[in-house]
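The values are calculated or read from the model by the stated rules, or taken from the named source; none is laboratory data. All figures in this text were calculated on a predicted structure; none of them were measured in a lab. Here Cβ is always computed from backbone atoms with ideal geometry, including for glycine, and neighbour counts include all displayed protein chains.
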Amino acid sequence: MRTCVLTLGNAPPGSASFLYGSPHRASFFRPSDKLPEATKRVNHGRTYCELLGGIECVSLKSRCPALPCHLHMRAVSDGADAASRRPRHAMAAGWRFSAMRFRSYTLTLVTMIVALACAILIVPLRISMLRAMGRFLVATGQLQHADVIVLSVDSDGAGVLEATDLIHEHVADRVALFADPPDAADREFLRRGVFYHNAATVSVRQLHELGVDAVEVIPRTVAGTVDESNDLAAWCSEHRYSSVVFISTIDHSRRSARILARATRDRGLKFSVRGSRYSDFDPDAWWKSRTGVRTEIIESEKLLADILLHPIS
């Protein structure tokens with residue numbers, strides 16, 4: 001694009017120059033020619049002319065507005081001349097914009113590199129943290145020879161298998177488990193002449209079939225780990241048992257150990273808690289299944305609540 005600068009002043013007769021057009025075709029104005037009225041506007045003593053034919057803007061400066069004016073014209077081509085007429089502040093703004101874009105691209109690249117490095121390095125750390133969260137629920141007490149092995153209410157088949165293994169390892173010679181009293185639905189089954197599913201009866205039969213003959217049933221009338229611990233402590237005192245191995249699900253073992261410690265503090269009863277290795281919860285891979293995640297969240301909330309309510313246990 002070509003830009004022309006026009007000045008109003010006393011020009012020599014016959015002077016002329018091209019006003020607008022392409023390098024191959026130019027239109028000329030002589031002193032006798034008149035600018036189209038549609039192309040002029042006056043603003044604060046300066047006359048600006050917006051020309052057609054590809055010209056951006058032409059400024060007319062009136063030196064002698066009272067005299068007949070001749071039209072002086074000079075053409076400024078694109079390139080170095082146009083760049084030389086560009087305002088300095090515009091050039092500085094262009095440089096600042098380029099620098100800002102360069103800094104933005106550099107910052108984005110650095111951020112991507114750092115994020116990629118963190119993603120690579122955080123994988124081992126993430127797995128270690130998840131495993132630590134799972135093992136936080138597991139009791140770590142050492143087993144010792146005991147008078148009796150007691151199964152928790154919710155240990156079910158996993159507790160039966162763990163107790164059988166411990167009996168064969170000569171940790172104890174007898175097993176005790178809690179009774180399963182009928183609830184409202186079970187009582188309705190009994191009223192209709194149908195036997196309900198008694199978990200304690202099933203566990204006793206499984207222990208006998210696995211070679212464990214000495215099996216006892218602990219009476220239980222309430223539900224919950226706290227009531228279970230109180231019933232166990234009273235039953236052990238009644239039967240003069242001084243040491244117990246308590247088998248629970250692995251995700252419930254640490255909280256059970258804390259509750260048992262409070263229930264047997266003044267009874268002189270030694271106990272150790274063992275999480276069944278046959279439990280569904282895997283502390284080293286719990287995040288890989290939805291059931292494991294749900295168990296981790298629920299049991300962690302219960303354990304943290306117990307720690308807050310009973311800091312010294």
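Some points to look at:
- Residue count for region 132-168, restricted to those that are of a type in the set (Gly, Ala, Ser), closer than 15 Å to Thr249 by Cβ and surrounded by fewer than 17 Cβ atoms within 10 Å (Cβ to Cβ): 1
- Looking across region 148-197, the residues that are among the small types (Gly, Ala, Ser) and touching an Asp or Glu at 6+ places or on another chain (Cβ under 8 Å) come down to Ser152, Ser155, Ala158, Ala172, Ala176.
- Any hit, region 170-185, residues being in a helix (DSSP H, G or I), surrounded by fewer than 15 Cβ atoms within 10 Å (Cβ to Cβ) and modelled with pLDDT of 90 or more: no
- Across region 194-217, the number of residues qualifying as in a loop (DSSP other than H, G, I, E, B) and not aliphatic (A, V, I, L, M) comes to 6.
- Some residue of region 177-189 being touching a helix residue (DSSP H, G or I) at 6+ places or on another chain (Cβ under 6 Å), under 15 Å from Ser248 (Cα atoms) and touching a residue at least 24 places away in the same chain (Cβ under 8 Å): yes
- Checked against the criterion of being buried (at least 16 other Cβ atoms within 10 Å of the Cβ), in contact (Cβ under 8 Å) with a residue 60 or more places away in the chain and among the basic types (Lys, Arg), the candidates Arg258, Arg254 yield just one match: Arg254.
- Sole residue being polar (S, T, N, Q), surrounded by fewer than 16 Cβ atoms within 10 Å (Cβ to Cβ) and within 41 Å of the chain's Cα centre (by Cα), chosen from Thr295, Thr249, Thr291: Thr291
- Any pair with Cβ under 6 angstrom, 6 or more apart, that starts in region 204-231 at a residue that is closer than 21 Å to His252 by Cα and ends at one that is modelled with pLDDT of 90 or more and in a strand (DSSP E or B): Ile218/Ala176; Ile218/Phe178; Arg220/Phe178
- Leu269 without any contact (Cβ under 8 Å) to a residue 60 or more places away in the chain, farther than 27 Å from Asp183 by Cβ, of a type in the set (A, V, I, L, M) and out of contact with any helix residue (DSSP H, G or I) (no Cβ under 6 Å at 6 or more places or on another chain): no
- Condition check for Ser279: polar (S, T, N, Q), assigned to a helix (DSSP H, G or I) and either over 28 Å from Ala176 (Cα atoms) or within 32 Å of the chain's Cα centre (by Cα) (or both): no
- Residue-level analysis places Leu125 outside the set of residues that are modelled with pLDDT of 95 or more and not aromatic (Phe, Trp, Tyr).
- Residue that is surrounded by the fewest Cβ atoms within 10 Å (Cβ to Cβ) [pool: residues in region 298-313 that are under 22 Å from the mean Cα position of the chain (by Cα) and either touching a residue at least 40 places away in the same chain (Cβ under 8 Å) or under 16 Å from Arg131 (Cβ atoms) (or both)]: Ser300
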